[in-house]
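Here is the structure we will look at, set down as structure tokens.
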């Protein structure tokens, strides 16, 4: 059985900082809604305090996490040891979506290296940290980051990125309007 903590400990922070990938899990309250698990690469995660984390969320073909946070706020982060001693570490909490051109964005963005295609910051207040063995997680070797998304974003104008967000990131697969989608609805009003 794993160990449970109420905050991120120093050894947890050290482990998290070494990881090259993490996973974010969320789900809507809808009984038949889809659970989402999303891998995140690049240097986008920041530990802001023992109970706060945030990551710079890059443009993707969907925006499920954002929709789920609007729906109920629940979020889980998972980190796996692919090298060295085995370990799985999960952070559980309540999250919120921070959009560009808001006071909260201006407060948080200095913590990040702004990457092409950045669309929002996902902020989470962590209430539970759980570790487990990870004995069956295989070893993998890190070969580097893909630059495909950044190159794609660099080849788009601001207007083209906005149109992409409007088309692909405004509504979840379960029909939940995201904060990005709310911007477009409010712009019409």
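Data for the structure
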item: Breaking point among (1) in contact with a strand residue (DSSP E or B) (Cβ under 9 Å, 6 or more places away or on another chain); (2) modelled with pLDDT under 95, for residue 172; result: (2)
item: Count of the range 161-189 residues which are assigned to a helix (DSSP H, G or I) and within 13 Å of residue 60 (Cβ to Cβ); result: 6
item: Residue tally, condition part of a strand (DSSP E or B), in contact with a helix residue (DSSP H, G or I) (Cβ under 8 Å, 6 or more places away or on another chain) and either over 17 Å from residue 73 (Cβ atoms) or without any contact (Cβ under 8 Å) to a residue 24 or more places away in the chain (or both), over the range 91-120; result: 1
item: Test: residue in the range 151-160 that is within 17 Å of the chain's Cα centre (by Cα) and part of a loop (DSSP other than H, G, I, E, B); result: no
item: Strands (runs of 3 or more DSSP E) completely within the range 1-86 that count 2 or more residues being closer than 20 Å to residue 134 by Cα, touching a residue at least 40 places away in the same chain (Cβ under 8 Å) and in contact with a strand residue (DSSP E or B) (Cβ under 9 Å, 6 or more places away or on another chain); result: 3-5, 22-26, 74-80
item: Test: residue 50 is at pLDDT 95 or above, out of contact with any helix residue (DSSP H, G or I) (no Cβ under 6 Å at 6 or more places or on another chain) and farther than 13 Å from residue 126 by Cβ; result: no
item: Qualifying residue in the range 87-107 (condition: under 20 Å from residue 164 (Cβ atoms) and surrounded by 19 or more Cβ atoms within 10 Å (Cβ to Cβ)); result: yes
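The values are calculated or read from the model by the stated rules, or taken from the named source; none is laboratory data. Predicted model only: the values in this text are computed from it and were never measured. All Cβ positions, even for glycine, are placed from backbone atoms using ideal geometry, and neighbour counts span all protein chains on display.
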